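Read through the structure below, which is laid out as structure tokens, and then see the notes.
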Amino acid sequence: MHYRNGREAKNGDKVVQLDSSSGRITARGQLQNAVAGNDYCNGELVIMGYGPQGPAIVISACMCDCLHVDDVAAMLAEMGLDKRPEGK
């Protein structure tokens, strides 16, 4: 099972979920219950609530519509968006 960019998906990964057609971020959370051999509707995304012990929401996750947060951070760094701009 692999994310949209080809990176191998592993349970426990922190991911962002993208809309299948627009590419907009629709959720972020931790991958669980994904089983090797399928990149579509395979696994769940646990979205933590507010606060350290807040309620969690669990939604279905398609690996082909997700990216690992480290890959998103790398893309932002490539574009120079990883640093806060200096004040004016």
The listed residue being of a type in the set (Asp, Glu) and surrounded by fewer than 10 Cβ atoms within 10 Å (Cβ to Cβ), out of 78, 8: 78
Count of residues meeting criterion [of a type in the set (D, E, K, R) and surrounded by fewer than 17 Cβ atoms within 10 Å (Cβ to Cβ)] in the stretch 11-43: 4
Condition check for residue 83: touching a helix residue (DSSP H, G or I) at 6+ places or on another chain (Cβ under 6 Å), at pLDDT 90 or above and surrounded by fewer than 16 Cβ atoms within 10 Å (Cβ to Cβ): no
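The values are calculated or read from the model by the stated rules, or taken from the named source; none is laboratory data. Computed from a prediction, not measured in an experiment: that's the story for all the values here. Here Cβ is always computed from backbone atoms with ideal geometry, including for glycine, and neighbour counts include all displayed protein chains.
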